[in-house]
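Reviewing the structure listed below.
Bear in mind these aren't lab numbers, they're just calculated from the coordinates by the rules spelled out. In this text the structure is predicted, and so the values were computed from the model without any measurement. Using ideal geometry, Cβ is built from the backbone for each residue, glycine included, and neighbour counts are taken over all protein chains shown.
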Amino acid sequence: MLPKNSCRLNYTPTLLTDGVYTLVVQAKDRSNNSSGSLNYQINFEVINRATITDVMNYPNPFSTATHFVFTITGSEVPTMFRIQIMTITGKMVREIERDELGPLHIGRNITEYAWDGRDQFGDRLANGVYFYRVLTKIGSENIEHTDNVGTSGIDQYFKKGFGKMYLMK
């Protein structure tokens, strides 16, 4: 049951062609009263191929924990999803596997899992800069990381397959 003066619209179009779309909504009540003088309008992009974009950790810098944020496109969720955290010299200090992250879905994801700045053995790491990379596959096929700098701007912080985070106590 919805509160008074509200409604819900469930619209699930079949969009087969990649591209940018605009959804425009106009509404009227049973008495033909308009919901407003302006239409509600939202732009969105359909990407049918499997990609991962807008990868970042949040908050950054962090002191106690940081979550990972990313967007998955396509029609299947990755079967393999791994986040590798490394020192600035390239030493792997922590690998986070898909089953640790919580549920993943097509679209924008914020992991339930929060990395607490500890290594594979549970030891607290020192303050400083750490790098991370995300490895994804569907079956045996790697999922492409696509820079999405033009729309969200987030991928400007993810260079050549690596993101940077700052741990401070």
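Worth pointing out:
- Only lysine pairs 8 or more places apart, or on different chains, with alpha-carbon atoms under 20 angstrom apart are counted in the chain, and they number 6.
- Farthest positive-ward along the chain dipole, Cα basis, beta-carbon charges - from S35, T136, T22: S35
- Projected-area average for the stretch 51-167 over all orientations - Cα convex hull basis, square nanometres: 7.0 nm²
- Here D99, D119, D54, D18 are placed in order of increasing Cβ neighbour count within 10 Å, fewest first, which gives D99, D18, D119, D54.
- Most mobile of T53, T89, T14 in a GNM of the chain (Cα contacts under 10 Å): T14
- Contact order normalised by residue count of the chain, Cα under 8 Å, 6+ apart, percent: 23 percent
- Scalar couplings 3J(HN,Hα) for the stretch 116-130, obtained by applying the Karplus form with A = 6.51, B = -1.76, C = 1.60 to θ = phi - 60°, are 9, x, 10, 7, 4, 9, x, 7, 5, 7, 6, 4, x, 8, 10 Hz; x denotes Gly and Pro.
- Residue of N57, N127, N43 that the Gaussian network model of the chain assigns the largest fluctuation, springs spanning Cα pairs under 10 Å: N43
- Amide hydrogen proximity for V93: with H placed 1.01 Å from N in the peptide plane, the residues at 5 or more positions away or on another chain lying under 5 Å are I85, M86, T87.
- Of F68, F44, F81, F162, the sequence from fewest to most neighbouring Cβ atoms within 10 angstrom is F44, F162, F68, F81.
- Beta bridge orientation in the stretch 51-167: antiparallel %, DSSP, nearest 5: 90 percent
- Couplings 3J(HN,Hα) of the stretch 36-45, computed from phi: x, 7, 10, 6, 7, 9, 9, 9, 8, 10 Hz, in residue order, whole Hz [Karplus 6.51 cos²θ - 1.76 cosθ + 1.60, θ = phi - 60°; x for Gly and Pro].
- Within the chain, helix-based [θ] at 222 nm, where runs of 4 or more DSSP H residues each add -39,500 (n - 2.57), nearest 500: -500 deg cm²/dmol
- Listed residues L101, L23, L125, most fluctuating in the chain (Gaussian network, C-alpha, under 10 Å): L23
- Working note: Karplus 6.51/-1.76/1.60 with θ = phi - 60° gives the stretch 51-62 the couplings 9, 10, 9, 6, 7, 6, 10, 8, x, 8, x, 9 Hz, where Gly and Pro are set to x.
- Neighbour counts of other Cβ atoms within 10 Å put V134, V69, V20 in the fewest-to-most order V20, V69, V134.
- Taking trypsin sites (Lys or Arg not before Pro) across the stretch 32-121, the ones in a DSSP loop with at most 10 further Cβ atoms lying within 10 angstrom of their Cβ are K91.
- About the centre of its Cα atoms, the chain shows a dipole size close to 380 debye [charges on the beta carbon of Lys, Arg (+1) and Asp, Glu (-1) only; nearest 20 debye].
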